[in-house]
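Worksheet: the structure to be examined is printed underneath.
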Ligand code: AGP
């Protein structure tokens, strides 16, 4: 879970450009940062800490040379320290490497290299790479060949960028099971873990596949197979503007991304004709199985209710990390739907590879060209644009939109396709309530425990509300199916415990109100999310976030999650936490 970037520039110093690029990758890891640039020899500056802190201390922008590599780290092997920060170098400091991924056999390789006299300075798996390359260069290989030979020794996943003072004006990138893209500008060439990193410099991108190598030089970009054969790759034009990857005037990415939700849903609805076409190619399935992690899992839970109610196909929802224990019942009549913002989550990819052997697979993914999109049989993109905040917000509602569209297209109900178009307006209505939500956040910011409850379509919303709270406020939050309260959790409800109740109009409304009475009787403070016109609910709640429109529970997962995201966001800020960078969490979990 790290971010890498590299560049060769025509007429600018590389360091300030690289620093800007890694800043846009900081969501991939932020426990340390480092740069290596090359003029006559390689210079490395790196340390533990967030980019801003390390920049102040080391003046990272003040480094010579028009080419370089950079890294933001999320520690997996070795503590966050200066020594473990990337770039890593060989014994003679003539080769520098940045890496995202995990080298499984690094201990054996390190022992062998140590016996051959190599001196290691860090505890990382990555450091074996520059030493392996050094070994092969000492034996007569050039940088390209030495990098190729080194990757043959390595077991695991990697996206790496390599440079050497012996071959100035060349940077090599290689990918296997970790994302890596190539940016092609006017005389300026880049490689990076993802597109937002390089967007201010170019919107022309080549997606590398596993076991492909890219060679950047002053003269351009060459992509090769690992046997050295040159391959012709398509250049994609990215329609994301650099602004889309910046905060755009908001204090935090998360807030910006919540405000972008109506637009994200609208853009995703534009995928309807693609989805229709895809559905026409489907055989008759007799089982659907959703697989995902975290927030994407909560979107999948809504999928189960939708597919069972609209199409009547038995539908399961499985956590990706649990999938291997339940994959036995798959066959070619099963459609396994993988939901992932990043398309790179290790647990999800592992499950996808298992499912690919037995069933038809579909990935609903936000990141273009990510691994899941290349490995699944079918792909639907959530058109949310880049999401930088660690907590998923706009991608969740875009995932939900895709799931609704898919179920509706499979069911063929044209009326529902018309109704979904109203959702962005419902969401805007929720965003307009932000000041009121902020007041509620201030009121409850010091609570120790929160409960979130809802029934049917509102149960996943309650789960997602609790996850957001935990992630960015560090307050203990539990999401429950409202009917489950009396089977245990009610014992924890006492005076002033905040209970957020998700209670849209619909079939389950009255029974959920019964649960509101239960918690009220035990002294809870009820924060209700429901309809403005729901006077009974109002009379039983300490606070209410009310929608002007009567949004039936069937559609409620989309707009009703917005107030819960805003509530957690404002509580996080009120508690002095940076909601974009919650502790212990990373945006993309590329390890099992
Ligand atoms: C959500 O706020 C979290 N960042 C996390 O639960 C996330 O949804 C999960 O790790 C899955 O990621 P993915 O959608 O990229 O696969």
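Each value in this text was obtained by applying a stated rule to the coordinates, not by laboratory testing. Predicted model, so just to flag it, every value in this text is computed and none were measured. Methodologically, a virtual Cβ is constructed for each residue, glycine included, from the backbone with ideal geometry; neighbour enumeration extends over all protein chains shown.
Descriptive notes on the structure:
- Cα→Cβ-extended label distance, 7 Å offset, between residue 274 and residue 149, nm: 4.4
- Equivalent-ellipsoid semi-axes of the range 99-241, from the Cα gyration tensor, Å, largest first: 28, 16, 13
- Inverse mean reciprocal Cα-Cα distance (Kirkwood Rh) of the chain, Å: 25.1
- When both bridge partners sit in the chain, DSSP labels roughly 60% of those beta bridges antiparallel.
- Three-way shape label, the range 353-434, alpha-carbon gyration tensor, a/c 1.5: oblate
- For 103, 313, order by how many other beta-carbon atoms lie within 10 Å, fewest first: 313, 103
- For the range 487-592, the C-alpha radius of gyration sits at 1.25 times the compact-globule guess of 2.2 N^0.38 Å, with N the residue count.
- Taking a ≥ b ≥ c as the square roots of the eigenvalues of the Cα gyration tensor, an a/c ratio below 1.5 marks the range 86-178 as rounded.
- Taking all pairs of distinct alpha-carbon atoms in the range 367-490, Kirkwood radius in angstrom: 17.3
- For the range 205-320: span of alpha carbons on each principal axis (Å, largest first): 58, 43, 29
- Helix 509-521 and the long axis of the chain differ in direction by around 90°, with both axes built from C-alpha atoms.
- Spherically averaged projected area of the convex hull of Cα atoms, the range 1-71: 4.1 nm².
- Helix 394-411 axis versus longest C-alpha principal axis of the chain: approximately 70°, rounded to the nearest ten.
- Solvent-free Debye scattering, log10 I(q)/I(0), computed from the Cα coordinates of the range 191-258 at q = 0.22, 0.26 Å⁻¹: -0.97, -1.20
- With neighbours defined as other Cβ atoms within 10 Å of a residue's Cβ, the residues 67, 254 order from fewest to most as 67, 254.
- Between 0 and 90°, nearest 10: helix 143-153 axis offset from the chain longest Cα axis: 60
- Average projected area [Cα convex hull, the range 530-570], square nanometres: 3.1
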